[in-house]
Amino acid sequence: MAEEDDVGETAAGEDSAVQAASFPDLAGVGGDTGGIAKPNLDLIRDIQVTLTVELGRTDMVIEEVMGLTPGKVIELDKLAGEPLDILINGKLLAKGEVVVVDENFGIRITSIVDPRARVQAIGGGDVDGEADGDA
């Protein structure tokens with residue numbers, strides 16, 4: 001028997017109908033969002049995330065960490081009075097300042113990162129831009 005490379009036949013030799021795939025036109029979907037459909041946030045509203053307020057950072061070698069004792073002062077990379085970073089699952093969301101609410105610390109949001117920068121951060125890019133808290 002001779003092998004045939006006919007697209008219309010299956011491996012068992014049976015005829016099958018082959019049709020071109022058709023997809024709906026996506027032009028105009030999403031309005032001014034660059035062709036991306038607006039997400040349905042109701043699907044994710046109850047997902048738990050971790051919010052962290054970061055006072056500052058520093059790098060240490062293990063020897064320095066092992067030498068830490070009560071009363072030791074660790075110098076951080078932020079200046080006193082500089083806005084603190086507000087992170088959601090480790091990604092920068094906003095900047096803020098420390099406040100006291102009753103007897104607890106709190107944070108007042110002073111600016112929020114631009115939405116495009118937030119999306120870029122989720123994808124693994126760096127976030128440098130921020131927008132005023134009024135936006």
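A compact table of results
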item	result
Nearby lysines by direct alpha-carbon distance to LYS38 (threshold 30 angstrom, same-chain neighbours under 8 apart not counted)	LYS91, LYS95
Phi to ³J(HN,Hα) by Karplus 6.51 cos²θ - 1.76 cosθ + 1.60 over the range 45-58, Hz, x for Gly, Pro	4, 9, 6, 6, 10, 9, 9, 10, 9, 9, 6, x, 9, 7
Cut-off under 5 Å, modelled amide H: who pairs with VAL113 long-range	ALA94, LYS95, ALA131
Proxy reagent accessibility, fewest Cβ within 10 Å first, across PHE23, PHE105	PHE23, PHE105
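Here, each number is a calculation from the coordinates, and none is a lab measurement. For clarity, every value in this text was computed on a predicted model and none was experimentally measured. Neighbour counts are summed over all protein chains in view; Cβ atoms, including those assigned to glycine, are modelled from backbone coordinates with ideal geometry.
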